[in-house]
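Data block below; observations after.
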Amino acid sequence: MAKKKRADREAERRRIAFETEQRKIVRRRTVIGLLGVVLGIVPFIVSLSCPTGTIVDQLCAVPVNVWLLIWAASFGSFLGLTIRLILERRRFERGTSREGTA
């Protein structure tokens, strides 16, 4: 009986730690996703606006490739965090199913 209670407490602690970590990753992924969207739109607007002279000249001085490099880095981070979320969720569910059968 005591072993079962201890196992239940450990499983509950593990679940809480998992959920806390997932919330942190989701929050980080959301911020990086928004940053990626902004960095994806800026090069497009800058490339369209530079010939007309409607945007600040400092933005036109930065090559579009630099903007795209920054966007690619943020998109890669977003994608990596998404994959991490999926893999950790699967790992947690696999561990939970093993504990239930043991």
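When the residues of the range 30-81 are filtered to those that are in contact with a Phe, Trp or Tyr (Cβ under 8 Å, 6 or more places away or on another chain) and either loosely packed, with under 15 Cβ neighbours inside 10 Å or of a type in the set (A, V, I, L, M, F, W, C) (or both), which remaining residue is modelled with the highest pLDDT?
So the residue we want is Ile32.
What is the one condition in (1) of a type outside the set (Lys, Arg); (2) modelled with pLDDT of 75 or more; (3) not in a helix (DSSP H, G or I) that Phe18 does not satisfy?
(3)
Would you call Glu10 under 24 Å from Glu88 (Cα atoms), surrounded by 10 or more Cβ atoms within 10 Å (Cβ to Cβ) and at pLDDT 90 or above?
Judged against the criteria, Glu10 is not a match.
The values are calculated or read from the model by the stated rules, or taken from the named source; none is laboratory data. Computed from a predicted model, the values in this text were never measured in an experiment. Don't worry about glycine lacking a Cβ; one is built from the backbone with ideal geometry, like all the others, and counts go over all protein chains shown.
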